[in-house]
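Enquirer: To start, I am sharing the structure in question, which I have written as structure tokens.
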Amino acid sequence: MTYIYYHYRLIPTGTETWNERILIGHDADGSDGWSYRWEFGNQTLHDHISVQALGSDSSTQATESIKVHSL
């Protein structure tokens, strides 16, 4: 499957927090290897970043999560 569009969301750590997610960016240009640069300043983080890919058939999806924690 070829993925054509990526959403990047910040989700608070905890149970049942999916509805509290915030869209922090998207990427529709795979020429740079599907990357996203997010400037978060001095924000304190104890969250997950969810990366959701939409397939070229506009139906297939894949989601991965990255845990982020700032000191």
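The values are calculated or read from the model by the stated rules, or taken from the named source; none is laboratory data. Here the structure is a predicted model, which is why all the values come from computation and not from measurement. FYI the Cβ positions are ideal-geometry reconstructions off the backbone, even for glycines, and counts take in every protein chain you see.
Enquirer: When you go through Ile49, Ile24, Ile4, Ile11 one by one, which is the residue that is modelled with pLDDT under 90, among the β-branched types (Val, Ile, Thr) and assigned to a strand (DSSP E or B)?
Expert: Matching residue, one of Ile49, Ile24, Ile4, Ile11: Ile4.
Enquirer: Got a number for residues in region 31-56 being among the acidic types (Asp, Glu) and either surrounded by 11 or more Cβ atoms within 10 Å (Cβ to Cβ) or within 22 Å of Gly14 (Cα to Cα) (or both)?
Expert: Going through region 31-56 one residue at a time, the tally reaches 1.
Enquirer: Further, regarding this structure: Enumerate the pairs (first residue in region 1-20 and without any contact (Cβ under 8 Å) to a residue 12 or more places away in the chain and acidic (Asp, Glu); second residue anywhere and surrounded by 11 or more Cβ atoms within 10 Å (Cβ to Cβ) and not in a helix (DSSP H, G or I)) with beta-carbon separation below 9 Å, excluding pairs fewer than 6 apart on the same chain, so at least 6 apart or on different chains.
Expert: Glu20/Ile11; Glu20/Pro12
Enquirer: Next question, about the same structure. When you scan region 28-37, do you find a residue that is free of Cβ contacts under 8 Å to residues at least 24 places away in the same chain and either under 23 Å from Ser70 (Cβ atoms) or in contact with a Pro (Cβ under 8 Å, 6 or more places away or on another chain) (or both), even just one?
Expert: Scanning region 28-37, I find at least one residue that is free of Cβ contacts under 8 Å to residues at least 24 places away in the same chain and either under 23 Å from Ser70 (Cβ atoms) or in contact with a Pro (Cβ under 8 Å, 6 or more places away or on another chain) (or both), so the answer is yes.
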